[in-house]
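Notes for the one structure printed next.
Readers should treat all values here as calculations from the given coordinates under stated rules, not as data from a laboratory. Just so you know, these numbers come straight off a predicted model, no measurement behind them. With ideal geometry, Cβ positions are generated from the backbone for all residues, glycine too; neighbour counts draw on all protein chains shown.
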Amino acid sequence: MMAGTSAGAAEMRQACDASVDVTDTDPAGTHVRSAPAGAVIATLKSSQNGWVSVHLAAQLGDWYEINSASLVDSQRSGTLFRGKGYMHKSMLGVSGLQNGARLYIDHDGKRPLVSHLAGDQPVILLGCRGPFLKVRVGKYSGWTREACTNMNTTCV
C-alpha cells in the first residue's frame, strides 16, 4: 500500500507511461496538486504559440499522477514541472489520433481491433495503462498508443 492512501485508492492506481496535453484554457494556468484535490504545488501556463504536455505516471480514478510537464513552443520550449503531482482528468486530453490509428479492445495491443480511425476527429481521454491511452472517438472506445499530442498540426 502507498503511504498516505487507503487500501481502496492503492487498488485503483493504474501505472501509466504516456504523454497527453493540458486542454484547460484558463489564461491564469492549470494547477498541479500535491495529492488528488490537494494543495496547489505548481501552475502550468502555456504560451501564445504553444501548449503544455504532461507525462502520465498513473491514474487514480478521476485524477492523473504526473511526473513532468513541458512547454512545447517553436520559440521557447522547456520543462515547467518535474516531480510528483496530480491533475484532474477534466484538464487533460489529446489533440487527436495519428492518421490510421488503431483502437484495441484491451491495453495489450494483442486483442482484436475495435477500429482503424482517421486522425482528424475529436478525441476524449478516458484513461491510461502502461503506454496505452483509453479514448473515445465518435461511437468507438478503445485503447491506443497512437495519440497525437501536437496541438498545431494533424499527426500523420
**OP:** Within segment 86-102, identify whether any single residue is surrounded by fewer than 16 Cβ atoms within 10 Å (Cβ to Cβ), of a type in the set (A, V, I, L, M), out of contact with any helix residue (DSSP H, G or I) (no Cβ under 6 Å at 6 or more places or on another chain) and assigned to a loop (DSSP other than H, G, I, E, B), and answer yes or no.
**Re:** no
**OP:** Output the number of residues of segment 58-69 satisfying the condition of being of a type in the set (Gly, Ala, Ser), over 17 Å from His31 (Cβ atoms) and buried (at least 19 other Cβ atoms within 10 Å of the Cβ).
**Re:** 1
